Amino acid sequence: MRREHRVIGISGSPRSNGNTETLVNEILAGANEAGASTSLVVLHDLDIRPCKGCFACSKVGKCIQDDDMNELAATMQQSLGWVLGTPIYWWGPSAQFKAFLDRWVSISRAIFRNRKVVLAIPMGGGSERYARHTVAMFEDVFSYLNMDHLATVLAPGSDDRSAVSSSSSILAKARQVGKELAEKL
Ligand SMILES: Cc1cc2nc3c(=O)[nH]c(=O)nc-3n(C[C@H](O)[C@H](O)[C@H](O)COP(=O)(O)O)c2cc1C
């Protein structure tokens, strides 16, 4: 694959250098090894306001809110692969990630079609079942938007900030998933 094929990682955790960022970064490292150019966006560092539910976007073709979502959507459009990361908060995604996801309603459907996507989800609970509602939500969203969901990397038992960075098996899986993502672009 050619270097100009871009992969964007988007982390929805407010905890810097925590498990979500580590997981997303490791997937990006695998994609980079396989020849993709990569970048990481941390939603907590951006101004992405919640959807107002006004549906003005369906009339004027864009959101009436002028914030960092505009630039992020443009970068997403230029990136063939997306690595979406969120910690599990109360069986769902973080507030930062949900605000970002809700704003997809204002983005052209063409951006999503056939987009290759990988999920990265750490959780404090010791079983992958803690992520089941979140994974199911994403699967329905991806199917609705005709996206190409390639893989999901889950990291249970990850309350400690360094839990993912100390797990060689999860890191190995993340790197492999990143390589496979880049090879499919
Ligand atoms: C507000 C809040 C709610 C949480 N809810 C859950 C939960 O429902 N299930 C779970 O397994 N872990 C839960 N956790 C633990 C986080 O998913 C876990 O610590 C995760 O690894 C954090 O990722 P980070 O290091 O990237 O911030 C919660 C943590 C917080 C702060």
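Odds and ends about this structure:
- Residue count for segment 139-156, restricted to those that are assigned to a loop (DSSP other than H, G, I, E, B) and surrounded by fewer than 18 Cβ atoms within 10 Å (Cβ to Cβ): 2.
Residues are listed down the side, and each one gets a yes or a no for (1) closer than 17 Å to Gln96 by Cβ; (2) among the aromatic types (Phe, Trp, Tyr); (3) at pLDDT 95 or above:
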{"position": "Met1", "(1), (2), (3)": "no, no, no"}
{"position": "Ile10", "(1), (2), (3)": "yes, no, yes"}
{"position": "Val24", "(1), (2), (3)": "yes, no, yes"}
{"position": "Gly30", "(1), (2), (3)": "no, no, yes"}
{"position": "Cys51", "(1), (2), (3)": "yes, no, yes"}
{"position": "Cys57", "(1), (2), (3)": "no, no, yes"}
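- Cβ separations smaller than 6 Å between residues 6+ apart or across chains give the following pairs from segment 158-176 residues that are touching a residue at least 60 places away in the same chain (Cβ under 8 Å) and under 13 Å from Ala120 (Cβ atoms) to residues that are of a type in the set (Val, Ile, Thr) and more than 8 Å from the ligand (Cβ to nearest atom): Val164/Ile170; Ala174/Ile27; Ala174/Val153.
- Test: Ser162 is surrounded by fewer than 18 Cβ atoms within 10 Å (Cβ to Cβ), of a type in the set (Ser, Thr, Tyr) and not in a helix (DSSP H, G or I): yes
Here's the yes/no breakdown for (1) assigned to a loop (DSSP other than H, G, I, E, B); (2) in contact with a strand residue (DSSP E or B) (Cβ under 6 Å, 6 or more places away or on another chain); (3) farther than 19 Å from Trp104 by Cβ; (4) free of Cβ contacts under 8 Å to residues at least 12 places away in the same chain:
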position	(1), (2), (3), (4)
Ile8	no, yes, no, no
Glu21	no, yes, yes, no
His44	no, no, no, no
Arg49	yes, no, no, no
Gly53	yes, no, no, yes
Gln65	yes, no, no, no
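- Breaking point among (1) of a type in the set (Val, Ile, Thr); (2) within 16 Å of the ligand (Cβ to nearest atom); (3) in a helix (DSSP H, G or I), for Val83: (3)
- Residue list for segment 86-118, restricted to those being free of Cβ contacts under 8 Å to residues at least 60 places away in the same chain, away from the ligand (no atom under 16 Å from the Cβ), farther than 22 Å from Phe55 by Cβ and not in a loop (DSSP other than H, G, I, E, B): Val117
- Selected residue [exposed (fewer than 14 other Cβ atoms within 10 Å of the Cβ) and not basic (Lys, Arg)] from Ala120, Ala131, Ala136: Ala136
- Residues of segment 12-24 that turn out to be more than 8 Å from the ligand (Cβ to nearest atom) and surrounded by fewer than 24 Cβ atoms within 10 Å (Cβ to Cβ), as a count: 2
The values are calculated or read from the model by the stated rules, or taken from the named source; none is laboratory data. What you see is a predicted model, and the numbers here were worked out from it, not measured in a lab. Every residue, glycine as well, gets a Cβ built from its backbone with ideal geometry; the counts of neighbours run over all protein chains shown.
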